[in-house]
Amino acid sequence: MTPTAIMVRTAPGASFRYIPRSGADVAFARHTGSGNGNVDPLDRLWPRRIRSVIRSSLSCWEPAEFIDAAELLASELVTNALRHGRGDVRVLLTFADGCMRLEVRDESPESPVLRDASGVDEAGRGLALVRAEAHDWGISEDGMTIWCSLALPSLSPTP
């Protein structure tokens, strides 16, 4: 008979922390009004939905600033894909080598451009924000995926 669970004795005061391994993978079809600098009213809910997925996927990590930064990065990249990309949008969250990696892919081969927005510009700060917040970031060779990473917080025991 194969055991389905194993009990292990630990020292008094030992703590347990769930460490996510699978990440998240969300794909959605944009509405026809999104692109060319616009986001269709029906697509305006997607950044909020993706923030919820990110928050749920990272709920075991601390400090809260880490989760807030991940949500901000996801929101900026998804909004950018809706506003300037084409076709379906895919958001992939993975964990490896002490980092959380976030990828947002659409079907536009045009690479996003890092702009230097002035104080009066209403847009154009998204990638600058990603550059400032992320541990690392980049664009795939085909221009369809933009990614960023955040170093995972250390896993100190929680009392």
When R51, R44 are arranged by how many other beta-carbons sit within 10 Å of their Cβ, fewest first, they go R44, R51
Here the equivalent ellipsoid of the range 35-151, derived from its Cα gyration tensor, has semi-axes (largest first, whole Å) of 22, 15, 15
Other residues with Cβ under 15 Å from the Cβ of T32 give, with Lys and Arg +1 and Asp and Glu -1, a net charge of -1
Footprinting proxy, S75, S59, S34: sorted fewest to most Cβ within 10 Å, the residues are S59, S75, S34
Taking 102-109, 90-97, 36-43 and ranking on average Cβ neighbours within 10 Å, highest first, one gets 102-109, 90-97, 36-43
In the range 35-151, taking the dipole from +1 charges on Lys and Arg beta carbons and -1 charges on Asp and Glu beta carbons about the Cα centre, the listed residue (S140, G85, A151) farthest towards the positive end is G85
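FYI, it's all coordinate maths here, none of it is from the lab. Computed from a predicted structure; not experimentally measured. So basically every Cβ, Gly included, is an ideal-geometry build from the backbone, and we count neighbours across all protein chains shown.
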